[in-house]
1. Tell me yes or no: at least one residue of the range 11-31 is open to solvent by less than 10 Å² (accessible area, probe 1.4 Å) and among the charged types (D, E, K, R).
2. Working only within the range 180-232, note down all residues that are in contact with a Leu (Cβ under 9 Å, 6 or more places away or on another chain) and hydroxyl-bearing (Ser, Thr, Tyr).
3. Tally up the residues in the range 19-38 that are closer than 19 Å to VAL186 by Cα and part of a loop (DSSP other than H, G, I, E, B), please.
4. Report yes if some residue within the range 92-107 is over 30 Å from LEU193 (Cα atoms) and of a type in the set (A, V, I, L, M, F, W, C); otherwise report no.
5. Looking only at residues in the range 32-45 that are out of contact with any Cys (no Cβ under 8 Å at 6 or more places or on another chain) and in contact (Cβ under 8 Å) with a residue 60 or more places away in the chain, which one is surrounded by the fewest Cβ atoms within 10 Å (Cβ to Cβ)?
6. Residue under question is PRO141, and the condition is that it be within 30 Å of ASN195 (Cβ to Cβ) and free of Cβ contacts under 8 Å to residues at least 60 places away in the same chain; does it hold?
7. Can you tell me which residue among LYS255, LYS247, LYS241 is open to solvent by less than 50 Å² (accessible area, probe 1.4 Å) and over 19 Å from GLN311 (Cβ atoms)?
8. Just the residues that are farther than 28 Å from GLU216 by Cβ and surrounded by 20 or more Cβ atoms within 10 Å (Cβ to Cβ), please, taken from the range 46-55.
Amino acid sequence: MADFATLAHHYANQPVVGWFMSRKLNGWRCLWDGGVTRGVPLVHVPWSKDTTTVCATGLWTLGRSAGPKPIFAPDWFLDQLPEYVPLDGELWHETDNISIVKSICGQGEEKGRIDPRWRGIRYMVFNSKPYSLWGCCSDSPFYPNGSWLYRMELVKKRITPSLNLEVLEQVKVESTEHLFEYKRHVGGEGIMLVNPNAQYELCRSYNLLKVKTFYETEATVIGYEDGQNRHSGRMGSVIAKLTWDEKVTSLYGGKPEFVGKTVSFGIGGGFTDEQREWSYVSQNFPIGSEIHFSYLGVSSDGVPVSCNHIQD
């Protein structure tokens, strides 16, 4: 997914005065391609790995190992999105609960296109991926890769806000004190910081930073621990391993000497009872697969602390 959209690093007291900050939403990241693939069979979409004849909607999740996947939204929802204006944002519900969002927006084509609960979903826009990075040719002013500030000025001119479409409020950082005051004010998961002069990058970028109370990454499943007490007969923890790269230096408790170090640890929280059943585990968390998890920090020997599975 890192070659499809800009991903964030963690804030580690970098100088960010003059950057823009916004509330970090607990939503589902997705990109709108301006509708250029709406109605096009997936087999003909260059960035889709899906070779079925199902048609794209123009709205894409980042995906993980499987790559970008279409989001099957009702036509009335897609009709509110601007033609030939690519957008990057999150599908969000006022409860700020990603599980609710995915239960609505993650359905297949048949159910997703008719579910009335889409009325409660808002597409919160915070960036725009230029067409030069989609692999599409277009006469749109969004073809060149200008600065974030330039792109967002174009977006605001071409978006008509509605009940289901909104440009996320961005506040210019005046000082470090202002940053943390704003973070306390908005609450939730934390805030996002963006460099207004940055071009759109298809990588994890230091021009986009998370300021969070917890951290997240991926690790490789290498085994399991049996559950105990209430979870007897089910999975208790997924045993995973990861090798730290340079990201560890921007995490709380991380040290440069951890880079290149491989650690193993248990991920015991964040699973539903259904997800702990061995039949589910073997199918969804097989040995060698990747698991997305959150954690509070890194121990003195480089092990993630208080790990919880994040629902993909």
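The values are calculated or read from the model by the stated rules, or taken from the named source; none is laboratory data. The shown structure was predicted, so the numbers you read here are calculated from the model rather than taken from an experiment. All Cβ positions, glycine included, derive from the backbone under ideal geometry; neighbour counts span all protein chains shown. Accessible surface is based on the protein model in full, side chains and every heavy atom, while ligands, DNA and RNA are left aside. Shrake-Rupley method; radii C 1.70, N 1.55, O 1.52, S 1.80 Å.
1. Scanning the range 11-31 turns up no residue that is open to solvent by less than 10 Å² (accessible area, probe 1.4 Å) and among the charged types (D, E, K, R).
2. Answer for the range 180-232, where residues must be in contact with a Leu (Cβ under 9 Å, 6 or more places away or on another chain) and hydroxyl-bearing (Ser, Thr, Tyr): TYR200, SER205, THR213, TYR215, THR217, THR220.
3. 5
4. Taking the range 92-107 as the starting set, the residues that turn out to be over 30 Å from LEU193 (Cα atoms) are 107.
If we keep only those that are of a type in the set (A, V, I, L, M, F, W, C) too, we end up with none.
For the range 92-107, residues over 30 Å from LEU193 (Cα atoms) and of a type in the set (A, V, I, L, M, F, W, C): absent.
5. GLY34
6. On the way: within 30 Å of ASN195 (Cβ to Cβ): yes; free of Cβ contacts under 8 Å to residues at least 60 places away in the same chain: yes.
For PRO141, the condition - within 30 Å of ASN195 (Cβ to Cβ) and free of Cβ contacts under 8 Å to residues at least 60 places away in the same chain - is met.
7. Values: LYS255 fails: open to solvent by less than 50 Å² (accessible area, probe 1.4 Å); LYS241 fails: open to solvent by less than 50 Å² (accessible area, probe 1.4 Å).
The conditions single out LYS247.
8. Step one: of the range 46-55, the residues farther than 28 Å from GLU216 by Cβ are 46, 51-55.
Scanning the range 46-55 gives no hits.
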